[in-house]
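This report concerns only the one structure given below.
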Amino acid sequence: MDGQPAWSEWLASLDGDVRDKAMVLRDRFEALGAREPEEWARAEVRDGIAHLARFRLLRGLWSEHIDPQRDAVETWIANTRRELARDSAGPFSNAGKALLRMVDELGVTPGEVGALARLVAYKTIFGVLYGLDEPNLAEDDVPEILQEQLPSWLLVEVVGKDLRLTGRVLTGLHEDLLTMDPSRRDGRAATDSE
């Protein structure tokens, strides 16, 4: 714990409202499956960083966009077959044809295809998060003087259905993406003992 007081000691050192906030945060992190909910809550209270929003976004990206590439591979292979039968020259048909060649002719297993697709999904999401966090990336085809005049962006935390701004910015999301793997394996394949 890096010399930090135990959770109960730390809670006891807080004012009532802050203590209540920390306990609510811990419960929310725990409900979402965080590995160390107390540490997440402590960090959010201590640092004022929107860790719950970060956790929710990053964990959601895994469960909605990275792991389904592995988990639903049989379905999307079947869908690819149907789409190519309907329109052999449609969008990304070359990728669909390559996929079916891999499976049908080269003997690549659906599990292997899913592992590759999961990696591509991870790398794509990592790149998007990096781009969100680094809005001032130099664009080779835009003169530097114009780059300074172009709009940029921030990802900010909001609360409630009416999207009340908290004033907290989410940064460095790409740095934590790998650690948000719900399997707790940081993108590694399951071992035989799991």
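Annotations for the structure displayed:
- Residue within the range 102-118 that is out of contact with any Gly (no Cβ under 9 Å at 6 or more places or on another chain), more than 27 Å from Glu44 (Cα to Cα), modelled with pLDDT under 95 and in a loop (DSSP other than H, G, I, E, B) present: no
- All told, Leu170 meets the bar of being within 30 Å of Trp40 (Cβ to Cβ), modelled with pLDDT under 95 and not β-branched (Val, Ile, Thr).
- Of the listed requirements (1) in contact with a helix residue (DSSP H, G or I) (Cβ under 7 Å, 6 or more places away or on another chain); (2) surrounded by fewer than 17 Cβ atoms within 10 Å (Cβ to Cβ), Arg46 misses just one: (1).
- Residue count for the range 102-118, restricted to those that are surrounded by 11 or more Cβ atoms within 10 Å (Cβ to Cβ) and more than 27 Å from the chain's Cα centre (by Cα): 4
- Screening the candidates Leu84, Leu57, Leu25, Leu99 for the property of being in contact with a Ser or Thr (Cβ under 8 Å, 6 or more places away or on another chain), surrounded by 12 or more Cβ atoms within 10 Å (Cβ to Cβ) and closer than 28 Å to Ser183 by Cβ yields one hit, Leu99.
- Sub-9 Å Cβ pairs linking a first residue in the range 41-56 that is without any contact (Cβ under 8 Å) to a residue 60 or more places away in the chain to a second residue that is among the polar types (S, T, N, Q) and not in a helix (DSSP H, G or I), at least 6 apart or interchain, are Arg42/Gln4, ordered by first then second residue.
- Pairs are defined by a Cβ separation below 9 Å, a sequence spacing of at least 6 or placement on different chains, a first member in the range 1-24 that is hydroxyl-bearing (Ser, Thr, Tyr), and a second member that is assigned to a loop (DSSP other than H, G, I, E, B) and at pLDDT below 95; the pairs so defined are Ser13/Pro5.
The values are calculated or read from the model by the stated rules, or taken from the named source; none is laboratory data. A quick note: this is a predicted structure, and the numbers were derived from the prediction, not measured. Positions of Cβ are generated from backbone atoms using ideal geometry, with glycine treated the same way; all protein chains shown enter the neighbour counts.
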